[in-house]
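Here is the structure we will look at, set down as structure tokens.
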């Protein structure tokens with residue numbers, strides 16, 4: 001069992017403010033998150049799935065449905081240090097693997113359009129949004145993430161409000177950019193609004209329909225599997241550090 005931390009991850013904005021609000025599907029930009037959550041101690045030639053898993057778990061913990069979108073190259077040992085985690089997410093239908101960089105961006109935006117969902121990424125998708133009026137309407141539902149690396153003693157612990165801390169704590173903000181559409185900028189009022197749909201949304205029924213497939217049993221099972229993956233990553237890292245220490249002792 002992972003130890004508890006005194007750190008807290010802000011999550012009050014993920015609570016509905018009225019009974020009419022419905023949680024949207026969250027689409028995670030997996031390559032963006034995996035690159036951002038690399039630490040100086042990690043293999044700089046590879047990304048780690050730990051940060052992606054922690055963010056995914058964070059949203060499941062608050063009763064959201066989540067899917068990640070990635071390039072297929074992140075299923076290879078040469079590019080990801082925790083290939084088994086990505087393989088597990090794929091087998092559970094929690095990650096969609098596209099063949100190329102441009103395609104995975106389009107897939108994420110298409111998913112957001114089709115489900116009226118929200119995209120979590122620090123990629124601003126400017127080219128795609130400027131070329132497509134359909135995608136430009138997604139600007140107010142693209143949310144950026146701010147990371148703060150925690151000290152080694154706080155890594156792979158549980159926050160005091162029940163969220164898994166891999167190697168960073170994170171906060172979410174409305175997208176830093178605006179999209180020009182007829183010289184009119186679309187700006188998100190609050191980050192909360194990106195994650196919830198209300199009856200005045202003309203596509204509210206689409207959000208409601210997707211939400212009908214969500215169950216607490218699915219949430220709990222998914223969190224349990226993610227916890228197992230994070231525990232394995234933590235153990236692998238500790239074993240690797242012990243191996244490095246033994247090599248140093250032999251020198």
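FYI, it's all coordinate maths here, none of it is from the lab. Keep in mind that what you see is a predicted model, and the values were worked out from it rather than measured. All Cβ positions, even for glycine, are placed from backbone atoms using ideal geometry, and neighbour counts span all protein chains on display.
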Report the extension gain between residue 213 and residue 20 in nm, rounded to one decimal, defined as 0.36 nm multiplied by the number of residues separating them, less their alpha carbon distance. 67.7 nm
Most fluctuating of 232, 57, 23 in the GNM of the chain (C-alpha, under 10 Å) is 232
Neighbour-count order for 137, 216, fewest beta carbons within 10 angstrom listed first: 216, 137
Ranked 170, 84, 195, criterion: other C-beta atoms within 10 Å, fewest first: 84, 170, 195
For the chain, set up a GNM with springs between Cα atoms under 10 Å and report which of 20, 104, 11 has the largest fluctuation. 20
Full-extension gain in nm, residue 224 to residue 4, via 0.36 nm per residue minus C-alpha separation: 77.5 nm
Just to confirm the number: angle between the C-alpha axis of helix 50-61 and the first principal axis of the chain, 0 to 90 degrees, nearest 10? 50
For the chain, set up a Gaussian network in which alpha carbons nearer than 10 Å are linked by springs, and say which option among 98, 50, 166 fluctuates the most. 98
To the nearest 0.05, how large is the calculated FRET efficiency for residue 114 and residue 198 if R₀ is 22 Å and r is the Cβ-Cβ distance? 0.70
Only bridges with both residues in the chain count here: give the DSSP antiparallel percent, nearest 5. 45
